[in-house]
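Asks: Right, I'll just put the structure down here and ask away after.
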Amino acid sequence: MTAPESTPVLRLVNVHRTHGSGATAVHALRGVSLQVHPGELVAVMGPSGSGKSTLLTIAGGLDTATEGDAIVEGIALGSLTRKELAKVRRRSVGYVFQDLNLIPALTAAENVALPRELDGDSVRKARRLALAALTELDLADLADRFPDDMSGGQQQRVAIARALVGPRRLVLADEPTGALDSETGDSVLRLLRTRCEAGAAGMLVTHEARHAAWADRVVFLRDGLVVDDTGTTADAESLLEGAR
């Protein structure tokens, strides 16, 4: 596994996220600070409701911190307009959603190519990059198939290919192996690992210690706080068991 470089791709600085106000306010994150460097894959673990998915959406610019900020490649996301934020997400961030968010009217190749086309690549170049990403996940034969004609596992892998297409410097994955069998799930995690070793920074939300074992470091959340950042899967698994 690759040692981190000195300049992080992602910095979360004293990030708070509160939903609502007053007595009914929900504090999803309470002052989280962490860094993810090029070449590093970080696993985020914790019980349900600990803030894992909120952490990922703020890191990827899909949500805004109530206090503090997420900084991607030196750019503070909280200071950007919606248009500027969308540009950063297209160019720098690959995001694997739990609910996939594939567009039903587009084929697998078109779904994967879409972020590159939105960022100005020609249709031909975007399709070439999309086919390369699909090939990495053994999906080349599904390139012209629509999501409704695929299994759940195939759709999941197409969504992962979309997150990895092009030169993404930050890859965020929220339970990316949820709809996959063990063998296919391991191949996806191996691909995430390879992308990080090639210079990307990755963050993986998972509840499985065996999946976290692919990471360089494990961050454990409870009640919106980082309670352990030791880097050991065994310690995180112990904390997770104690939180149940």
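Asks: Of the residues Arg190, Arg168, only one is surrounded by 16 or more Cβ atoms within 10 Å (Cβ to Cβ), modelled with pLDDT under 90 and of a type in the set (Lys, Arg); which?
Replies: Arg168
Asks: Give the number of residues within segment 118-129 that are within 21 Å of the chain's Cα centre (by Cα), over 18 Å from Leu139 (Cα atoms) and part of a helix (DSSP H, G or I).
Replies: The qualifying residues number 1.
Asks: Further question: Within segment 176-201, work out how many residues are out of contact with any strand residue (DSSP E or B) (no Cβ under 6 Å at 6 or more places or on another chain) and either part of a strand (DSSP E or B) or acidic (Asp, Glu) (or both).
Replies: Here the count works out to 4.
Asks: I need every pair where a residue in segment 1-30 that is at pLDDT below 90 and in a loop (DSSP other than H, G, I, E, B) has its Cβ under 6 Å from the Cβ of a residue that is surrounded by 18 or more Cβ atoms within 10 Å (Cβ to Cβ) and of a type in the set (Asp, Glu), sequence separation at least 6 or different chains.
Replies: What qualifies is Met1/Asp216; Pro4/Glu40.
Asks: Return yes when Ala215 is surrounded by 19 or more Cβ atoms within 10 Å (Cβ to Cβ), within 30 Å of Ala105 (Cα to Cα) and at pLDDT 90 or above and no when it is not.
Replies: For Ala215, the condition - surrounded by 19 or more Cβ atoms within 10 Å (Cβ to Cβ), within 30 Å of Ala105 (Cα to Cα) and at pLDDT 90 or above - is not met.
Asks: Can you tell me which residues in segment 75-87 are assigned to a strand (DSSP E or B) and more than 24 Å from Arg195 (Cβ to Cβ)?
Replies: Ala76
Asks: Exactly one of these conditions fails for Leu164: (1) within 16 Å of the chain's Cα centre (by Cα); (2) closer than 11 Å to Ala43 by Cα; (3) not aromatic (Phe, Trp, Tyr). Give me its number.
Replies: If we test Leu164 against (1) within 16 Å of the chain's Cα centre (by Cα); (2) closer than 11 Å to Ala43 by Cα; (3) not aromatic (Phe, Trp, Tyr), just (2) comes out false.
Asks: Starting from residues that are assigned to a helix (DSSP H, G or I), hydrophobic (A, V, I, L, M, F, W, C) and more than 14 Å from Leu191 (Cα to Cα), keep the ones in segment 130-161 and report whichever is nearest to the chain's Cα centre (by Cα).
Replies: That would be Ala130.
Asks: Within segment 31-74, how many residues are outside any loop (DSSP other than H, G, I, E, B) and crowded, with 16+ Cβ neighbours inside 10 Å?
Replies: 22
Asks: For segment 6-59, name all the residues that are of a type in the set (D, E, K, R), within 30 Å of Thr194 (Cβ to Cβ) and in contact with a His (Cβ under 9 Å, 6 or more places away or on another chain).
Replies: Residue satisfying the conditions is Lys52 alone.
Asks: Let me ask something else about it. For Arg90, indicate whether it is out of contact with any Ser or Thr (no Cβ under 7 Å at 6 or more places or on another chain), part of a helix (DSSP H, G or I) and at pLDDT 95 or above.
Replies: no
Asks: Could you list, ordered by first residue, the pairs with Cβ atoms under 6 Å in which the first is in segment 78-99 and buried (at least 17 other Cβ atoms within 10 Å of the Cβ) and the second is assigned to a helix (DSSP H, G or I), at least 6 apart or interchain?
Replies: Hits for this filter: Arg90/Pro115; Arg90/Leu118; Gly94/Ala163; Gly94/Leu164; Tyr95/Ala163; Val96/Ala159; Val96/Ile160; Val96/Ala163.
Asks: From the set of residues in segment 139-158 that are of a type outside the set (S, T, N, Q) and in contact (Cβ under 8 Å) with a residue 40 or more places away in the chain, which is surrounded by the fewest Cβ atoms within 10 Å (Cβ to Cβ)?
Replies: Asp148
Asks: Let me ask something else about it. Give me a count of the residues in segment 109-156 that are closer than 23 Å to Asp174 by Cβ and touching a Pro at 6+ places or on another chain (Cβ under 9 Å).
Replies: Residues flagged as closer than 23 Å to Asp174 by Cβ and touching a Pro at 6+ places or on another chain (Cβ under 9 Å) within segment 109-156 amount to 6.
The values are calculated or read from the model by the stated rules, or taken from the named source; none is laboratory data. In this text the structure is predicted, and so the values were computed from the model without any measurement. All Cβ positions, even for glycine, are placed from backbone atoms using ideal geometry, and neighbour counts span all protein chains on display.
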